[in-house]
Amino acid sequence: MTDNKKNESSEKQVSEAGLADVVACNSGISLIDGQAGQLLYRGYDAVELARHSTFEEVAYLLWYGRLPGLSEFEAFLDGFTGSMRLPVETVMIMRMFPHVATPMEILRTAVSSMGHWDPDSGVTRLDALMRKAQRITERMPLIISSYQRLRNGMEPIEPRSNSGIAMNFLYTLTGKEPDPVMVRAMDSALILHADHELNASTFTARVVAATLTDIYSCITSAIAALKGPLHGGANAEVMNMLDAIGDPARADSWVKQRLSEKKKIPGFGHRVYRCEDPRATALRETARKITTMTGNTRYFEIAEEVEKTMLANTKVFPNVDFFSGTLYNAMGIPSELFTPIFAISRVVGWTAHILEQLKNNRLIRPTANYVGPSLTPYVDISARS
């Protein structure tokens, strides 16, 4: 290979690292305008939906491509909340897990197990796929809340019928009737995390769906991708940072020290947005409201000081993870559940993308730019030096 060809190969490899800017498919689900700082779900502003809609209505929008009428939505909710129960067998499996298992490990395995007892198992018609998408979406929160109770020596709680996902997640997690303001805050957070185009876990779900495997396998693979620290988990890292800072007065010096050491500040920067992530803007408002209501303002105050220092010194903006951790913390949710909550929300996006992939399916099979050695003759092991 000539030097010129080597350089061309290296340049190509660098330009496509992480598939940055590579258009992998046509999609009508979400649009990210990184320059304007806008996120649209099926043409609707995600921030506006977070302020006025519900998670269930957004699920309908992502799955069906439009907002429902009143009678349609009522029928949808009847079916949506009607099977909000975990299979007994899945709960039995969860009782066998070691208490040291992480919630994301539990979620991955429990979701996979549910496919065995789905009444539509093996049925690939669109109506069956929609029912399975609903069952997975409404049961994932119960997996997390049930296991959290089991690992703390408490029994799982049955969800309330005719209540939404946000309310039932908080109720089955704590065993107490949640404050409507808290439910609304959770609903808003779930909406803001529902979809974000071809992120790592969503792309994983589409690649797996393209093989025509079952939807439970697709979601299990997406959960596995989200479990990785470079995708999910950043909001928990933000809380670790805020803990390390400890006091708003220390934020400026702490951040400047990290920057001088060329270390990353969790919760800042994004591959797509070149301005503030609109989801961060909305979550800042919600986090301020909830922290003020609960009196648990310390982490939010530290976060505000961190943000001021970052903007003054780097012009790098906060992303969706920066304020979600302070919000969940103020709601009394432990940090190990932050990434599972991300999954509880993003599953409606994953399933929407799976359904879209299957409508016009083609196996996703990219090629690699080979940079290994050229043809090398085989030498018997006895003759090798």
When you scan region 20-38, do you find a residue that is touching a Lys or Arg at 6+ places or on another chain (Cβ under 9 Å), of a type in the set (A, V, I, L, M, F, W, C), part of a loop (DSSP other than H, G, I, E, B) and surrounded by 14 or more Cβ atoms within 10 Å (Cβ to Cβ), even just one? yes
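Among W63, W117, which is within 23 Å of H196 (Cα to Cα) and either among the aromatic types (F, W, Y) or outside the structural domain of Y171 (by TED's automatic domain parsing) (or both)?
W63
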Which of the residues spanning region 149-194 are of a type in the set (S, T, N, Q) and assigned to a loop (DSSP other than H, G, I, E, B)? N152, S161, N162, S163
Right, R274: closer than 27 Å to I32 by Cβ, in a loop (DSSP other than H, G, I, E, B) and in contact (Cβ under 8 Å) with a residue 60 or more places away in the chain or not? yes
Could you please give the count of residues in region 195-212 that are of a type outside the set (V, I, T), part of a helix (DSSP H, G or I), within 14 Å of the chain's Cα centre (by Cα) and farther than 26 Å from V91 by Cα? 2
Is at least one residue of region 247-254 at pLDDT 95 or above and either of a type in the set (D, E) or under 29 Å from R346 (Cβ atoms) (or both)? yes
Over region 78-120, the set of residues in a loop (DSSP other than H, G, I, E, B), farther than 21 Å from A166 by Cβ and within 25 Å of the chain's Cα centre (by Cα) is P87, F97, P98, H99, V100, A101, T102, D118
In region 294-385, which helices (runs of 4 or more DSSP H) lie fully inside it and hold 2 or more residues that are free of Cβ contacts under 8 Å to residues at least 24 places away in the same chain and surrounded by fewer than 20 Cβ atoms within 10 Å (Cβ to Cβ)? 298-313
With the requirement that a residue be within 17 Å of P340 (Cβ to Cβ) and either loosely packed, with under 14 Cβ neighbours inside 10 Å or among the basic types (K, R) (or both), what does region 145-176 give you? R149, R151, N152
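When you look at G246, is it surrounded by fewer than 19 Cβ atoms within 10 Å (Cβ to Cβ), free of Cβ contacts under 8 Å to residues at least 60 places away in the same chain and not assigned by TED's automatic domain parsing to the domain that holds V88, yes or no?
Against the criterion (surrounded by fewer than 19 Cβ atoms within 10 Å (Cβ to Cβ), free of Cβ contacts under 8 Å to residues at least 60 places away in the same chain and not assigned by TED's automatic domain parsing to the domain that holds V88), G246 qualifies.
The values are calculated or read from the model by the stated rules, or taken from the named source; none is laboratory data. Please read all numbers here as calculations on a predicted model, not as lab measurements. So basically every Cβ, Gly included, is an ideal-geometry build from the backbone, and we count neighbours across all protein chains shown.
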